[in-house]
1. Among the candidates Lys148, Lys105, Lys87, single out the residue that is modelled with pLDDT under 95, basic (Lys, Arg) and within 19 Å of the chain's Cα centre (by Cα).
2. Which count do you get for residues in the stretch 176-234 that are modelled with pLDDT of 90 or more, open to solvent by less than 30 Å² (accessible area, probe 1.4 Å) and under 30 Å from Lys162 (Cα atoms)?
3. Do we have any residue at all in the stretch 2-10 that's under 24 Å from His216 (Cβ atoms), open to solvent by 50 Å² or more (accessible area, probe 1.4 Å), out of contact with any strand residue (DSSP E or B) (no Cβ under 8 Å at 6 or more places or on another chain) and in a loop (DSSP other than H, G, I, E, B)?
4. Return the total of residues in the stretch 27-45 being among the acidic types (Asp, Glu), crowded, with 16+ Cβ neighbours inside 10 Å and not in a loop (DSSP other than H, G, I, E, B).
5. Does Phe24 qualify as being part of a loop (DSSP other than H, G, I, E, B), within 18 Å of Asn221 (Cβ to Cβ) and open to solvent by less than 30 Å² (accessible area, probe 1.4 Å)?
6. Among the residues of the stretch 151-161, count how many are in a helix (DSSP H, G or I) and either surrounded by fewer than 15 Cβ atoms within 10 Å (Cβ to Cβ) or at pLDDT 95 or above (or both).
7. Is there a residue in the stretch 82-102 that is farther than 29 Å from Val202 by Cβ and either open to solvent by less than 80 Å² (accessible area, probe 1.4 Å) or not in a loop (DSSP other than H, G, I, E, B) (or both)?
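The values are calculated or read from the model by the stated rules, or taken from the named source; none is laboratory data. All values derive from a computational prediction rather than experimental measurement. Note: ideal-geometry Cβ built from the backbone for every residue, glycine included; neighbour counts use all protein chains shown. Remember, those area values only see protein heavy atoms, side chains included, never the ligands or the DNA or RNA. Shrake-Rupley method; radii C 1.70, N 1.55, O 1.52, S 1.80 Å.
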Amino acid sequence: MSSFTLQSQVSDIVTSIPQTADLFRSLRIDFCCGGQVPLEEAAKQRSLDPAAVLEEVRSVESKFANYQESRPASLKESELIDHIQQKHHAFLRDELPALTPYVTKLARVHGEHHPELLRVQELFSELKKELLEHTKDEDEFVFPLILKFVADPSHQAAAELKPHVSELEHEHAHAGSLLQELRDVTSDFELPADACGTYRLVFQRLAMLEKDTFEHIHLENNILFERLRQAVYL
């Protein structure tokens, strides 16, 4: 029997069953920055039937009940940080520069007839700059502070770490808002009738970037940082 109810928090559901992230993303339910709300409230915010959404969650839970992939929530802090760096930070370092010329070309070639692509280029440029600076700061400064605190959870280490975690969460929220606007201006990455190969490639890769970034933010906000809160440093 499922342990999830309408009062289960969205972020807790994704932490327990990571595959539900795909469901929530398809329903445009925020599970990373705004995920600490009951499922019922989150569904109503999207004008969805809460009971129907719960059934979909339970369906995913049943499907992956015996799924043996390592769940990030079970990792130690050092292992979780390594997972974030190896999977998500590495992806951003490779994908953001690689995707840039395609986004630029798409706006240049199709921007006259699809002016929303000019905004897509602006949003992508801002997102790229923010995410690359954000991950560099985490790798070089904040993650070492977290590991220092985990090894010795002193008041001094907590005081040193606290403002940096708050700033990271603020940056996560801003990145989430940029991704939300990308979805809005592209009508959920819907391709127009005259979409060429580059058009399809860009929209497909923007959707992949959104997926990876939401999972990335969830791991930090709702698992890593939440553990720090439970250590009573906030």
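1. Values: Lys148 fails: within 19 Å of the chain's Cα centre (by Cα); Lys105 fails: within 19 Å of the chain's Cα centre (by Cα).
Selected residue: Lys87, the only one of Lys148, Lys105, Lys87 that is modelled with pLDDT under 95, basic (Lys, Arg) and within 19 Å of the chain's Cα centre (by Cα).
2. Residues that pass the stated criteria total 17.
3. Just the residues of the stretch 2-10 that are under 24 Å from His216 (Cβ atoms), to begin with: 4, 8-10.
Filter again for open to solvent by 50 Å² or more (accessible area, probe 1.4 Å), leaving 9.
Those left that are additionally out of contact with any strand residue (DSSP E or B) (no Cβ under 8 Å at 6 or more places or on another chain): none.
No, that holds for no residue.
4. The initial filter retains those residues of the stretch 27-45 that are among the acidic types (Asp, Glu), namely 30, 40-41.
Adding the requirement that they be crowded, with 16+ Cβ neighbours inside 10 Å leaves 30, 40.
Checking the rest, the ones that are also not in a loop (DSSP other than H, G, I, E, B) come to 40.
Counting residues in the stretch 27-45 that are among the acidic types (Asp, Glu), crowded, with 16+ Cβ neighbours inside 10 Å and not in a loop (DSSP other than H, G, I, E, B) gives 1.
5. Numbers: part of a loop (DSSP other than H, G, I, E, B): no; within 18 Å of Asn221 (Cβ to Cβ): yes; open to solvent by less than 30 Å² (accessible area, probe 1.4 Å): yes.
So Phe24 does not fit the description; no.
6. Here is the first cut: in the stretch 151-161, the residues in a helix (DSSP H, G or I) are 151, 155-161.
Next cut, either surrounded by fewer than 15 Cβ atoms within 10 Å (Cβ to Cβ) or at pLDDT 95 or above (or both) only: 151, 155-156, 159-160.
Summing the residues that are in a helix (DSSP H, G or I) and either surrounded by fewer than 15 Cβ atoms within 10 Å (Cβ to Cβ) or at pLDDT 95 or above (or both) in the stretch 151-161 gives 5.
7. Of the residues in the stretch 82-102, the ones farther than 29 Å from Val202 by Cβ are 82.
Remaining after also requiring either open to solvent by less than 80 Å² (accessible area, probe 1.4 Å) or not in a loop (DSSP other than H, G, I, E, B) (or both): 82.
Looking for residues that are farther than 29 Å from Val202 by Cβ and either open to solvent by less than 80 Å² (accessible area, probe 1.4 Å) or not in a loop (DSSP other than H, G, I, E, B) (or both), one finds at least one in the stretch 82-102, hence yes.
The rows are residues; the columns are (1) assigned to a helix (DSSP H, G or I); (2) more than 23 Å from Phe91 (Cα to Cα); (3) of a type in the set (Asp, Glu).
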| residue | (1), (2), (3) |
| --- | --- |
| Leu132 | yes, no, no |
| Thr135 | yes, no, no |
| Pro144 | yes, no, no |
| Ser166 | yes, yes, no |
| Gln180 | yes, no, no |
| Ala195 | no, yes, no |
| Leu209 | yes, no, no |
| Phe214 | yes, no, no |
| His218 | yes, no, no |
